[in-house]
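The values are calculated or read from the model by the stated rules, or taken from the named source; none is laboratory data. Predicted model, so just to flag it, every value in this text is computed and none were measured. Virtual Cβ from ideal backbone geometry, glycine too; neighbours counted across all protein chains shown.
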């Protein structure tokens with residue numbers, strides 16, 4: 001049993017009313033410390049960069065705790081305090097990035113003859129810092145620098161507002177069904193969950209929300225076309241002028257303000273547009289290269305996607321459907337088609353995949369690949385919810401990392417799945433090593449009272465994905481927090497360790513190791529596993545095109561919204577969809593108004609990163625396929641060249657170190673079933 005670090009957050013003692021007081025105190029002390037550091041006549045890594053790193057790590061503990069609780073245990077009090085504090089944090093980092101004395105001090109390290117004697121990681125941090133100074137407007141004249149700082153502050157507030165609007169729009173809608181006949185087609189566990197949701201809201205019948213585990217089964221299995229349309233309309237118009245609570249949580253003007261300010265900031269820094277600025281820190285070399293990459297994948301996938309839609313239309317007609325098939329019909333008939341052609345139903349697989357068995361199988365895989373042992377902490381520390389589990393990772397009997405696991409959807413928790421750092425690996429000025437700790441968060445359907453949690457295979461893939469991010473964060477050997485784990489990794493390469501993990505979810509041996517029927521204890525039979533594998537690439541071109549639609553829209557939006565003849569956000573999305581959508585979305589669809597990845601997350605002009613990194617991950621996994629999916633030598637090589645190295649070297653070089661060559665797209669297309 002591993003040992004937890006003694007500096008873990010105490011979630012139960014967090015007081016939102018004290019957040020700004022704590023942040024104010026920290027920032028005051030930080031400013032004084034920076035002033036003191038700059039009084040030195042000369043600078044070294046230990047005298048300048050290491051104390052700055054300590055300061056950043058300490059701020060991360062205070063602000064990271066608040067940010068985490070903001071995502072998993074939201075409340076009106078926290079939201080108000082968080083919004084106020086976020087502006088102060090943003091101002092502080094903008095101020096830091098525009099501190100000329102600090103810039104000159106860091107630059108003196110780069111210009112000194114001793115620079116070449118620093119470690120690769122130390123050199124990378126200094127180079128990254130100088131790049132960040134440029135992107136913070138260090139070289140701007142005073143009035144422009146002031147304007148740049150104002151923009152950063154406004155963008156921080158707007159991102160929070162966007163996120164709040166999406167959360168409020170999601171939480172302030174439900175679909176209540178009173179007639180049992182309208183539940184036809186739904187699996188029993190979905191019906192039970194909807195009944196529980198109704199009781200929690202003091203309502204009768206069955207209640208469905210816009211949380212993914214609630215509405216998705218209704219779209220996939222619900223025979224009531226009326227209710228499929230209603231829930232689809234509510235979901236696809238969230239936070240817009242056409243959705244439920246129209247105008248109350250509308251993000252339309254927020255989006256326009258964000259785009260305008262991003263373009264203005266990019267122009268101030270000398271970039272033609274925000275997409276060009278985005279590429280400056282990424283693995284891709286130019287906007288032209290990104291658009292060419294997206295276009296190539298669209299060209300390779302489009303005909304197959306159109307064929308897949310035609311097949312669904314013909315299938316629906318064969319089942320008596322009349323009229324024009326709409327987007328809220330697609331998932332329903334595609335699932336029926338999948339079940340008939342492959343005799344496969346994701347919900348029927350759920351009883352075979354209990355949380356404990358899946359976690360044990362996942363940990364066993366990680367152990368074989370990376371020579372680690374993972375165990376749950378029975379006497380768990382302070383957590384934010386009773387469902388949260390805590391684990392340690394050991395190698396050769398020594399603890400190297402820990403993580404929190406929060407699997408289930410709740411009303412006060414934002415949707416989706418993610419990994420976030422709690423503590424980064426870091427050696428401070430006293431020589432003390434802080435081990436990495438992370439949060440792994442999902443939004444699976446909560447189990448019925450007294451019963452174990454059950455997953456679909458799709459959810460297992462999500463879990464493996466986030467665990468891959470976690471391994472990247474936790475298995476690093478870099479002792480500088482700024483480039484340890486996922487930190488400092490080019491955004492379009494950071495998904496490589498997460499996406500490669502998904503591949504093992506499609507290996508027969510692995511699926512077998514994850515399965516144990518909740519009642520009979522039997523593993524998933526080989527014939528069912530084979531049907532699951534046969535169905536892997538069912539409608540895969542449609543799935544590919546959907547991601548390419550998001551990527552193309554995002555990148556073009558951040559390039560073209562700067563142009564005088566820009567028609568508008570909705571108009572651009574409509575134009576992109578003409579090329580990427582095999583079935584037209586309704587004109588009232590406002591997908592962009594809840595596109596948090598690019599308006600409230602880190603993916604602005606970078607959503608293409610998912611596909612870019614998927615090329616890397618498929619090509620990397622291709623080596624495991626050649627040498628054995630459990631091959632410890634290949635696992636060790638991936639560990640040493642990718643997971644342990646964090647951001648201490650450029651992602652392109654690390655990939656070449658592992659693969660022995662430049663990445664190729666062949667494996668991605670093969671894995672995706674794109675002919």
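Suppose the filter is closer than 21 Å to residue 171 by Cβ, in a helix (DSSP H, G or I) and out of contact with any strand residue (DSSP E or B) (no Cβ under 6 Å at 6 or more places or on another chain); does residue 254 pass it?
It is true that residue 254 is closer than 21 Å to residue 171 by Cβ, in a helix (DSSP H, G or I) and out of contact with any strand residue (DSSP E or B) (no Cβ under 6 Å at 6 or more places or on another chain).
Condition first: in contact with a strand residue (DSSP E or B) (Cβ under 9 Å, 6 or more places away or on another chain), assigned to a helix (DSSP H, G or I) and either touching a residue at least 12 places away in the same chain (Cβ under 8 Å) or over 30 Å from residue 336 (Cα atoms) (or both). Now tell me which residues in the stretch 149-189 satisfy that.
Within the stretch 149-189, 182, 183, 189 qualify.
Which residues, counting only those in the stretch 639-657, are closer than 21 Å to residue 368 by Cβ and surrounded by fewer than 22 Cβ atoms within 10 Å (Cβ to Cβ)?
Result: 639, 640, 641, 644.
Determine which single condition residue 35 fails, assuming it passes every other condition in (1) free of Cβ contacts under 8 Å to residues at least 40 places away in the same chain; (2) in contact with a helix residue (DSSP H, G or I) (Cβ under 8 Å, 6 or more places away or on another chain).
It is condition (2) that residue 35 fails.
Do we have any residue at all in the stretch 455-474 that's assigned to a strand (DSSP E or B) and over 14 Å from the mean Cα position of the chain (by Cα)?
For the stretch 455-474, residues assigned to a strand (DSSP E or B) and over 14 Å from the mean Cα position of the chain (by Cα): absent.
What is the residue count in the stretch 108-139 for residues that are out of contact with any helix residue (DSSP H, G or I) (no Cβ under 6 Å at 6 or more places or on another chain), closer than 20 Å to residue 272 by Cβ and touching a residue at least 12 places away in the same chain (Cβ under 8 Å)?
3
Going through 581, 596, 561 one at a time, which residue ends up being assigned by TED's automatic domain parsing to the domain that holds residue 307, under 19 Å from residue 258 (Cβ atoms), under 24 Å from the mean Cα position of the chain (by Cα) and in contact (Cβ under 8 Å) with a residue 12 or more places away in the chain?
Answer to the check: 596.
Residues of the stretch 200-224 being over 15 Å from residue 171 (Cβ atoms) and touching a helix residue (DSSP H, G or I) at 6+ places or on another chain (Cβ under 7 Å), which ones?
Across the stretch 200-224, the qualifying residues are 204, 205, 206, 217, 218, 219, 220, 221, 222, 224.
Which of the helices (runs of 4 or more DSSP H) contained wholly in the stretch 12-118 include at least 2 residues that are over 32 Å from the mean Cα position of the chain (by Cα) and surrounded by 17 or more Cβ atoms within 10 Å (Cβ to Cβ)?
19-37, 100-111
Name the single residue that is surrounded by the most Cβ atoms within 10 Å (Cβ to Cβ) among those in the stretch 503-542 being outside any loop (DSSP other than H, G, I, E, B) and without any contact (Cβ under 8 Å) to a residue 60 or more places away in the chain.
The extreme case among them is 511.
Quick one: would you say residue 320 is over 30 Å from residue 609 (Cα atoms), assigned by TED's automatic domain parsing to the domain that holds residue 547 and surrounded by fewer than 17 Cβ atoms within 10 Å (Cβ to Cβ)?
Criteria met by residue 320.
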